[in-house]
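**Student:** After the structure tokens below, expect a handful of questions from me.
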Amino acid sequence: MKIWNKYVTISVLILLPIFLFFLSFLLGRFPISPLEVILTLLSPINSNFTVSPAISSIVFNIRLPRIIAAMLVGASLAIAGAAFQGIFKNPLVSSDILGVSAGSGFGACLAILLAAGNWMIQIFAFLFGLISVLITYLISKTYKTGGILVLVLSGVAISAFFNALISGAKFIADPYDKLPQITYWLMGSLSSINLDKLLVIIIPIFSGIFVLLLLRWRLNVLAMGDEEAQSLGVNPQKFRAILIIACTLLTAAAVSVSGIIGWVGLLIPHICRMIVGPDHKKLLPACLSIGASFLLLIDNVSRTAIAIEVPIGILTAIIGVPVFLYLLRRGYSQWS
Amino acid sequence: MEKIIEVKEISFSYNNGDNNIFENISFSINKGDVLCILGPNGTGKTTLLKCLNGLQDIKSGEILLNGKNLKSMPFPEISKLVGYIAQGHVSTFPFSVIDVVLMGRSPYISLTDSPMEKDFKIAERSLKDLGILDMRDRPYTTLSGGEKQLVFLARVLTQEPKLLILDEPTSHLDFGNQIRLLELIENLSKKGLAIIMSSHFPDHTFLGSNKVAILKNKNFIALGDPLNVITKDNLKKAYDIDIELIEVSKSRKVCVPLRCDISVEFDNLAK
């Protein structure tokens, strides 16, 4: 019975994102049938399948990049959130704890204020995300003692600092033109995604995920605390630095294309812990699956629910909060 | 005799300041030895224990682990030789017992790998040796203090070390579990493990320890076998209180602290 359960869980975790991937092609203003989707997706590798250029364009240029982006962003935020919770021994932190989101947000604001193009907004967001975490890390290094608490507090401080700069940027932004763009970016959306933007984030995202997956078992040891980790042969400072670099690459890359999307990095790790338990060996892969599925679902709602696009950041909270509170009520008997 | 750890004239201060926590401490421990370190609160027992496996860096002196200088050893190499149980573990995630015990294999598993069949076998063997195999899949956060201590003991055994360092292993345990744990420690020493532990119970040194040290005022005020060290005089020096020693059997005494008749006026309560 138990073994059976395990296989059911694994199968669901593998099949759910695949199923949603194909399902998402069917959703949208322009109706496409399942057969057309399959034929179109297969057409590049088999020229016998002929499909109309209109459908091909929608599938490859519009829906495919958006679906992949939603899945990558969801998976990144979720796995980085889970890793950060382990690194900081704290189930309340999420992927933006070290200031990535605020830094990226300010980078995007700056690019918008400078009237830079879409492309520059993404690059600025990515770089400022990395810079803010670097500042956080360097500040924490100037304190000899304190360890992870100092790191988290530095992150909170740097977030507050960049959030203030974001407010400043909003204050001086042109209210008819740039302010709406800033506001929209900060609420998170994938509507401006295209294949080029996607290609830029693929390298940081895949390398970040690769590193986290390789190191995931050892994360258990770190999650027991620095002293215990060291007594078990792990160098906590070095190991944490590697993990933070991986998580920061993931989060900054995700935020650079999607804007600020809250809740995924906090909510998904908790949902996954209820499904597969706290062992990071199982938890991190589960976060990839559920994170990708969750954000894809949310993005589908965002682009199809009403006539205009609803920013994803709004939906993740509106849908995520009740789910989270419901699970909190059900599931946390083992937590002290 | 095989020397597991040799401590030569070590001193320690926080941030390498002038205020030494302890200075010029020397001792050595052989295979099968059990050293119990006594001393009042805040005297530096925990700090001393942490220096012995490199969790804290000593200011001067030298520690030889199996003949090698501790300072030159990388973390995994130290943890293959030394198992450490801290006092007052703070838990966050409800890992299952087997996951916690498997962490003991960490020094043997390369950074990018995870435990294999062989590691599971060793971990389960430790659980079985301690009679807690039935707890294998329970979240360790739901266990009682005594059960948790056994899980951590299973984990350090899974490390297959030569030396165990236990920081107040009997604190928070009930009367029965205290004795059971001490006997377990004695059995482990008979299997060849060297053990260094700290304690607040002078009596406990008569149950399995063959060496006792009393740490007070930056140094050992006594070091030797329990019958010689646990005396009225030494205990008075250690705890600043009169203590009666009562012989229970030939090699076992109990220590009874006598009243010291503190009189305090609780002004706030005197209504």
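**Student:** I need the P(r) histogram for the protein assembly as shown: all alpha carbon pairs, bin width 10 Å from 0 out to the longest distance, whole percents.
**Tutor:** Percent of pairs per bin, in order: 3, 15, 21, 20, 16, 12, 8, 4, 1, 0.
**Student:** Follow-up question, since we're still on this one. Using only the Cα atoms of chain B, each taken as one equal point scatterer with no solvent, compute I(q) by the Debye sum, divide by I(0), and report log10 of the ratio at q = 0.07, 0.10, 0.16 Å⁻¹.
**Tutor:** Relative scattering, expressed as log10 I(q)/I(0), comes to -0.28, -0.56, -1.29.
**Student:** For the pairs A:282/B:118; B:121/B:191; A:141/A:170; B:190/B:232, note any where the Cα-Cα span goes beyond 25 Å.
**Tutor:** Those over the limit are A:141/A:170; B:190/B:232.
**Student:** Follow-up. Give, in nm to one decimal, the length gained when the segment between residue A:183 and residue A:275 is fully stretched (0.36 nm per residue of separation minus the Cα-Cα distance).
**Tutor:** Here the answer is 29.6 nm.
**Student:** So for chain A, Kirkwood radius off the Cα pairs, Stokes-Einstein at 4 °C and 1.567 mPa s: how many µm² s⁻¹?
**Tutor:** Roughly 62 µm²/s, to the nearest whole number.
**Student:** Roughly how many debye, to the nearest 20, is the charge dipole of the stretch A:194-336 about its Cα centre, given +1 on each Lys and Arg Cβ, -1 on each Asp and Glu Cβ, and no other charges?
**Tutor:** 240
**Student:** Related question: Would you work out the charge dipole size for the stretch B:1-113 about its Cα centre, treating the Cβ of every Lys and Arg as +1 and the Cβ of every Asp and Glu as -1, and quote it to the nearest 20 debye?
**Tutor:** 100
**Student:** Further question on the same structure: May I have the convex hull volume per residue, in Å³, for the Cα set of the stretch B:135-264?
**Tutor:** Considering the Cα atoms of the stretch B:135-264, their hull volume per residue is 154 Å³.
**Student:** Between the stretch A:75-109 and the stretch B:238-271, what is the separation of their alpha carbon centroids in Å?
**Tutor:** Result: 53 Å between the Cα centres.
**Student:** Can you say what percent of the DSSP beta bridges in chain B, counting only those with both residues inside, are antiparallel? Round to 5.
**Tutor:** 60
**Student:** I would also like to ask the following. Ratio of Rg to Rh for the stretch A:134-282, alpha carbon only, Kirkwood?
**Tutor:** 1.02
**Student:** Next up: Using the membrane-span-like helix rule (whole DSSP H runs, Cα extent along the own axis of at least 18 Å, mean Kyte-Doolittle hydropathy at least 1.0), which helices of chain A qualify?
**Tutor:** Length and hydropathy pass: A:2-26, A:64-87, A:100-113, A:118-141, A:148-172, A:195-214, A:236-258, A:312-331.
**Student:** Out of all DSSP beta bridges with both ends in the protein assembly as shown, state the antiparallel percent to the nearest 5.
**Tutor:** Here the antiparallel bridges make up roughly 60 percent for the protein assembly as shown.
**Student:** Can you list the equivalent-ellipsoid semi-axes of the stretch B:60-176, largest first and in whole Å, using the square root of 5 times each Cα gyration tensor eigenvalue?
**Tutor:** Result for the stretch B:60-176: semi-axes of 25, 19, 12 Å.
**Student:** At a temperature of 25 °C and a viscosity of 0.890 mPa s, determine how fast the stretch A:248-309 diffuses translationally according to Stokes-Einstein, using the Kirkwood radius over alpha-carbon pairs as Rh; express D in µm²/s, rounded to the nearest whole number.
**Tutor:** So the translational diffusion coefficient is about 191 µm²/s.
**Student:** Let me ask something else about it. So for chain B, averaging the separation of alpha carbon pairs under 8 Å that are six or more residues apart and normalising by length, what relative contact order in percent results?
**Tutor:** It comes to 23 percent, rounded to a whole number.
**Student:** Shifting gears a bit: What is the average number of partner chain Cβ atoms found within 10 Å of a Cβ in A:278-289?
**Tutor:** Averaged over the peptide's residues, the number is 2.
**Student:** Against the empirical 2.2 N^0.38 Å scaling, what ratio does the C-alpha Rg of the stretch A:25-182 come to?
**Tutor:** Rounded to two decimals, the normalised Rg is 1.41.
**Student:** Any chance you could get the radius of gyration and Dmax over the Cα atoms of the stretch A:10-75, in Å?
**Tutor:** Computed over the Cα atoms of the stretch A:10-75, radius of gyration and Dmax are 12.6, 38 Å.
**Student:** For the stretch B:1-79, what is the convex hull volume of its Cα atoms per residue in Å³?
**Tutor:** Per-residue hull volume (Cα only) is 96 Å³.
**Student:** Right, here's the next one. How are the C-alpha pair distances of the stretch A:232-336 spread across 10 Å bins, as whole percents from the shortest bin up?
**Tutor:** Answer for the stretch A:232-336: a P(r) of 13, 37, 34, 14, 2, 0 percent.
No lab work stands behind these numbers, since they all come straight from the coordinates. Computed from a predicted model, the values in this text were never measured in an experiment. For neighbour counting, all protein chains shown are included, and Cβ atoms are generated from backbone atoms with ideal geometry for every residue, glycine included.
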